[in-house]
Amino acid sequence: MVALSTLHHLGGVVSLSGWIPPPARYMLRACSRLSVLWCHGTADRDVPVSYGQDAIAFLQNCIRIHPCKLRIRVLHGLEHAINDSELEDIAYWLNYVLN
């Protein structure tokens, strides 16, 4: 939420098992050029993957994040946690965004 509502220019944002509560969406000021990596596990019981999918649809349809700037990674069987595969995705994405 903070990354999507800041007045500062950010190079990108990583969301791990995140969501965007519908009542808070009016506050968002994200730039459509913002690079986003959105990771979510299919077995997450704390923040269901459907919440993440809804947030991704919001970023695509309302904020209009360009498809080449939005990387979505759904991790099958991952609960509300981080694993090595997700860390590798983050490292790859950071390298891509920073270079």
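Remarks
- Subset of the range 75-92 that is small (Gly, Ala, Ser) and touching a residue at least 24 places away in the same chain (Cβ under 8 Å) - its residue that is farthest from VAL36 (Cα to Cα): GLY77
- LEU34 being closer than 15 Å to ALA3 by Cα and in contact with a Gly (Cβ under 9 Å, 6 or more places away or on another chain): yes
- SER50 being out of contact with any Ser or Thr (no Cβ under 7 Å at 6 or more places or on another chain), of a type in the set (S, T, N, Q) and outside any helix (DSSP H, G or I): no
- Among the residues of the range 29-51, those that are closer than 22 Å to VAL97 by Cα and not basic (Lys, Arg) comprise ALA30, CYS31, SER32, LEU34, SER35, VAL36, LEU37, TRP38, CYS39, HIS40.
- When the residues of the range 1-53 are filtered to those that are among the polar types (S, T, N, Q) and over 19 Å from TYR92 (Cα atoms), the one that is nearest to the chain's Cα centre (by Cα) is GLN53.
- Residue in the range 74-96 that is crowded, with 17+ Cβ neighbours inside 10 Å, of a type outside the set (A, V, I, L, M) and not in a helix (DSSP H, G or I) present: no
- Hits in the range 16-47 - residues which are open to solvent by 40 Å² or more (accessible area, probe 1.4 Å), among the hydroxyl-bearing types (Ser, Thr, Tyr) and not in a helix (DSSP H, G or I): SER32, THR42
- Test for ILE82: is it under 13 Å from the mean Cα position of the chain (by Cα) and of a type outside the set (S, T, N, Q): no
- For the range 54-73, a tally of residues being assigned to a helix (DSSP H, G or I), touching a strand residue (DSSP E or B) at 6+ places or on another chain (Cβ under 8 Å) and under 16 Å from SER17 (Cα atoms) returns 3.
- Each residue in the range 48-58 was checked for being open to solvent by 20 Å² or more (accessible area, probe 1.4 Å) and either touching a residue at least 24 places away in the same chain (Cβ under 8 Å) or among the acidic types (Asp, Glu) (or both), and 4 of them qualify.
The values are calculated or read from the model by the stated rules, or taken from the named source; none is laboratory data. Source: prediction; values computed, not measured. Positions of Cβ are backbone-derived with ideal geometry, glycine not excepted, and every protein chain shown enters the neighbour counts. The area values use the complete protein model at the heavy-atom level, side chains included, leaving out ligands, DNA and RNA. Shrake-Rupley method; radii C 1.70, N 1.55, O 1.52, S 1.80 Å.
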